[in-house]
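Below is one structure, written out as structure tokens, with a few remarks after it.
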Amino acid sequence: MTHSSKTGITAAASMQGNASRRRFLQLSGAAALLAAAKATLPSGAFAQGAGPEVKGTRLGYIALTDAAPLIIAKEKGLYAKYGLPDMDIAKQASWGATRDNMALGFKNNGIDGGHILRPKTHLYSTGKVMQNGQPLPMYTLLNLNEDGQAISVSNEYKDLNVQRDASPLKQAFERKKAAGKELTAAMTFPGGTHDLWIRYWLAAGGIDPDTDIKVIVVPPPQMVANMKVGTMDCFCVGEPWNEQLVNQNIGYTALTTGELWFRHPEKILGMRADFVDANPRATQAILMAVMEAQQWADKMENRQELAEIVGKRQWFNVPVGDINKRLLGDINYGNGREAKGTNLYMKFWGEGGATSYPWKSLDTWFVTENIRWGKFEPTLDIKALVDKTNRADLWREAAKTLGVAGAPTADSRGVETFFDGTKFDPTAPMDYLKALKIKRVA
């Protein structure tokens, strides 16, 4: 994007954010907006000429590349374009801090939603990770991205050249354990995506993540520093931290998560149910702004600018060189392996918005996998939890208002296949669970 076109977008967004209500409706498509609202909202909730109920709220994010759509929507004036000039996109110190601030809510100086690990919607809503087990009803509104995470290994194991097959680490871990040394694998939040990726990978290689190694929690921005001082053997985190690890020659990437499960879902825009229920028009405006930002971020010609924006001090405070290459699919694994122009780059939108769409079948896998590792009871009604928390209906209405062609309308993406040949049929999740060898359930 040229400087002049970027300036034009910013100026236009500013004008739109301060325009009259009539002007806002012209820009947003009043007729489509009204039709979308009637389909999903209580009668009269979207009265002719009504804009968002609030001028904004606060959304949280962690310094991870997949938070980009929330940041781009702010930087490009898209929230203001849809009638939300007062949106606050606030950095969170860790996923634990995100949880605590979500519990507070914006009215109590916390957050009403934001960039979160997809399983957190289920973990919050059931109270599994909340203080005193108090449920916090949440909704999954859209999927922010696919792929773009990685599993990295300490240079202590560089000679093993570990890749998708984790089994070479099994004997190395056993030798280290026999010498009286502790083994640690780091992830970012119990039951979250990174926890599930590293557990799946280790288990597929015959390593039990609960008995053969200690799984610990480390905030994403602290991963590299912790491996540098030798406190972990491997970790799973989103970018840019794996690329930074390689650039600092502290460890290497065994595999990107797209090699574990290609086009896997990752972070979401999740929001407190009470905010969404009380502010349906504002929710639609937030959805449209973020979806438009996803479309912009998905274009390869915008990836360098994306890296420059999120790398700024007020957002990530990370060198652009630690962000941009993997955004383009150029993977330097850090142990002599390099791959350029791969399809392992982060996806934000996809054809017809298929990446952004919150497929219920994918939520079904996350709940099932958390049953596998003991986060949920085997008797949990998976479908009921997914139906209660997944608001694909709101995504579809926002897509209709935006005029998205070929947008998904079904709930299932179908059977998913993992790198080891394991298949997950969302219509038979317990069959998948029974076939797994390493797990915490019978």
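When the range 54-72 is examined, which residues are found to be open to solvent by less than 10 Å² (accessible area, probe 1.4 Å) and assigned to a strand (DSSP E or B)? Leu59, Gly60, Tyr61 - these are the residues of the range 54-72 that are open to solvent by less than 10 Å² (accessible area, probe 1.4 Å) and assigned to a strand (DSSP E or B).
Scanning the range 257-269 turns up at least one residue that is within 24 Å of Pro69 (Cβ to Cβ) and of a type in the set (Ser, Thr, Tyr). Please count how many residues of the range 386-410 are more than 19 Å from the chain's Cα centre (by Cα) and either part of a loop (DSSP other than H, G, I, E, B) or at pLDDT below 95 (or both). Adding up the residues that qualify gives 8. Is it the case, given these coordinates, that Phe189 is of a type in the set (A, V, I, L, M, F, W, C), in contact with a strand residue (DSSP E or B) (Cβ under 7 Å, 6 or more places away or on another chain) and open to solvent by 50 Å² or more (accessible area, probe 1.4 Å)? No; evaluated as a whole, the condition is false for this residue.
For the condition open to solvent by 30 Å² or more (accessible area, probe 1.4 Å), farther than 21 Å from Ile151 by Cβ and either outside any loop (DSSP other than H, G, I, E, B) or hydroxyl-bearing (Ser, Thr, Tyr) (or both), what is the one hit in Lys383, Lys325?
After applying the criteria, what remains is Lys383.
For the range 354-362, does any single residue satisfy the condition of being assigned to a helix (DSSP H, G or I), open to solvent by less than 30 Å² (accessible area, probe 1.4 Å) and touching a residue at least 24 places away in the same chain (Cβ under 8 Å)? Scanning the range 354-362 turns up at least one residue that is assigned to a helix (DSSP H, G or I), open to solvent by less than 30 Å² (accessible area, probe 1.4 Å) and touching a residue at least 24 places away in the same chain (Cβ under 8 Å).
Exactly one residue out of Ala282, Ala297 is within 19 Å of the chain's Cα centre (by Cα), in contact (Cβ under 8 Å) with a residue 60 or more places away in the chain and farther than 28 Å from Ile382 by Cα: that is Ala297. When Lys383, Lys340 are checked against the criterion of being in contact with a Leu (Cβ under 9 Å, 6 or more places away or on another chain) and not polar (S, T, N, Q), Lys340 stands alone in meeting it. For the range 73-88, the set of residues classified as aliphatic (A, V, I, L, M) and either open to solvent by 20 Å² or more (accessible area, probe 1.4 Å) or in contact with a Gly (Cβ under 8 Å, 6 or more places away or on another chain) (or both) consists of Ala80, Leu84, Met87, listed by residue number. Sub-9 Å Cβ pairs linking a first residue in the range 151-175 that is more than 17 Å from Pro209 (Cβ to Cβ) to a second residue that is open to solvent by 50 Å² or more (accessible area, probe 1.4 Å) and in a loop (DSSP other than H, G, I, E, B), at least 6 apart or interchain, are Asn155/Asn249; Glu156/Gly230; Asn161/Gly336; Asn161/Arg337; Gln163/Arg337, ordered by first then second residue.
So that you can scan it fast, the table gives a plain yes or no per residue for (1) open to solvent by 20 Å² or more (accessible area, probe 1.4 Å); (2) among the β-branched types (Val, Ile, Thr); (3) not in a loop (DSSP other than H, G, I, E, B):
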residue	(1), (2), (3)
Leu306	no, no, yes
Gly321	yes, no, yes
Gly329	no, no, no
Thr342	yes, yes, no
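The single condition among (1) without any contact (Cβ under 8 Å) to a residue 40 or more places away in the chain; (2) touching a Pro at 6+ places or on another chain (Cβ under 9 Å) that Leu328 does not meet is (2). Mind listing whichever residues of the range 113-128 are of a type outside the set (S, T, N, Q) and either closer than 15 Å to Ile62 by Cα or open to solvent by 30 Å² or more (accessible area, probe 1.4 Å) (or both)? Across the range 113-128, the qualifying residues are Gly113, Gly114, His115, Ile116, Leu117, Arg118, Lys120, Lys128. Number of residues in the range 200-217 that are without any contact (Cβ under 8 Å) to a residue 40 or more places away in the chain, under 25 Å from the mean Cα position of the chain (by Cα) and open to solvent by 10 Å² or more (accessible area, probe 1.4 Å) equals 3.
Please enumerate the residues belonging to the range 399-419 that are open to solvent by 70 Å² or more (accessible area, probe 1.4 Å) and touching a residue at least 60 places away in the same chain (Cβ under 8 Å). Result: Lys400, single match.
Mind listing whichever residues of the range 331-340 are open to solvent by less than 40 Å² (accessible area, probe 1.4 Å) and in a loop (DSSP other than H, G, I, E, B)?
Those that are open to solvent by less than 40 Å² (accessible area, probe 1.4 Å) and in a loop (DSSP other than H, G, I, E, B): Tyr333, Gly334, Asn335.
Apart from one condition, Asn332 fits all of (1) within 28 Å of Thr140 (Cα to Cα); (2) out of contact with any Leu (no Cβ under 6 Å at 6 or more places or on another chain); the exception is (1). Residues in the range 134-164 that are open to solvent by less than 40 Å² (accessible area, probe 1.4 Å) and either among the basic types (Lys, Arg) or over 20 Å from the mean Cα position of the chain (by Cα) (or both): Val153, Ser154, Tyr157, Val162. Given (1) out of contact with any helix residue (DSSP H, G or I) (no Cβ under 7 Å at 6 or more places or on another chain); (2) surrounded by fewer than 17 Cβ atoms within 10 Å (Cβ to Cβ), where does Arg396 come up short, assuming only one miss? With (1) out of contact with any helix residue (DSSP H, G or I) (no Cβ under 7 Å at 6 or more places or on another chain); (2) surrounded by fewer than 17 Cβ atoms within 10 Å (Cβ to Cβ) applied to Arg396, the lone miss is (2).
The values are calculated or read from the model by the stated rules, or taken from the named source; none is laboratory data. This structure is a prediction, so every number in the text was calculated from the model and none was measured. All Cβ positions, even for glycine, are placed from backbone atoms using ideal geometry, and neighbour counts span all protein chains on display. Just so you know, the surface numbers come from the protein's heavy atoms only, side chains and all, with ligands and any DNA or RNA stripped out. Shrake-Rupley method; radii C 1.70, N 1.55, O 1.52, S 1.80 Å.
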